[in-house]
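Scroll down for the structure; my scribbles are underneath it.
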Amino acid sequence: MEQVVVPPVEAPTEPLTEPSTEPSMEPQIEPSAEPLTEETIREATTPRPPTPRQGRPRKYYTEEEARDMARLQRKQFKQRLREKQRVFKSGISELQLSAQKMLNKVVLSKEDLIRIIEIMENGIKEQANEQTTEIQN
């Protein structure tokens, strides 16, 4: 097959002319503002029905219902907190028991025992400090 090469065809271009900047002699008519004001006056005088207040819908319809739900939520929170504390304390108890069993299996020197006692005393002091700061808050 032979390839046929077609030369690109250029569109005829017209000479660019700048728009005339001379003021036209025709009088320009500006739209009058009177009809617009009459329409706005008519709109303003028409009574509109009051629109309902938009906002966040009430969760509870009465104060008593809100108080009951708040009481229930506090009760549920306390129950969850008690459960978390119980699980935490049982985990600590298991760690303490395993530590005691490990200590019973090992013969400790006097220096080791002194170090363990110091660690325990520091832990007790830290717990007391944490409790006092919680009470102050």
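The values are calculated or read from the model by the stated rules, or taken from the named source; none is laboratory data. Being a predicted model, the structure only gives us computed values, none of them experimental. Cβ sites come from the backbone with ideal geometry, for glycine too, and all protein chains shown count toward neighbours. Accessible surface is based on the protein model in full, side chains and every heavy atom, while ligands, DNA and RNA are left aside. Shrake-Rupley method; radii C 1.70, N 1.55, O 1.52, S 1.80 Å.
Looking at segment 106-137 only, could you name the residues that are open to solvent by 100 Å² or more (accessible area, probe 1.4 Å) and over 22 Å from LYS89 (Cα atoms)?
Taking segment 106-137 first, the residues open to solvent by 100 Å² or more (accessible area, probe 1.4 Å) are 107, 110-111, 115, 120, 124-127, 130-131, 134-137.
Answer for segment 106-137, where residues must be open to solvent by 100 Å² or more (accessible area, probe 1.4 Å) and over 22 Å from LYS89 (Cα atoms): VAL107, LYS110, GLU111, ARG115, GLN136, ASN137.
Report yes if VAL6 is modelled with pLDDT of 65 or more, β-branched (Val, Ile, Thr) and open to solvent by 80 Å² or more (accessible area, probe 1.4 Å), otherwise no. Please lay out each step first, then the result.
Values: modelled with pLDDT of 65 or more: no; β-branched (Val, Ile, Thr): yes; open to solvent by 80 Å² or more (accessible area, probe 1.4 Å): yes.
Criteria not met by VAL6.
Wholly within segment 19-137, which helices (runs of 4 or more DSSP H) include no fewer than the required count, namely at least 1 residues that are aliphatic (A, V, I, L, M) and at pLDDT 70 or above?
Details: elements: 34-45, 63-105, 110-136.
Helices (runs of 4 or more DSSP H) meeting the threshold: 63-105, 110-136.
Being surrounded by 10 or more Cβ atoms within 10 Å (Cβ to Cβ) and aliphatic (A, V, I, L, M) is the filter here, so list the residues in segment 96-105 that pass it.
LEU97, ALA99, LEU103
Could you give me the residue pairs with C-beta distances under 7 Å whose first residue belongs to segment 67-82 and is touching a residue at least 24 places away in the same chain (Cβ under 8 Å), whose second residue is surrounded by fewer than 10 Cβ atoms within 10 Å (Cβ to Cβ) and of a type in the set (Asp, Glu) wherever it lies, and which are 6+ apart or on separate chains?
Listed by first residue and then by second, the contacts come to nothing, as the list is empty.
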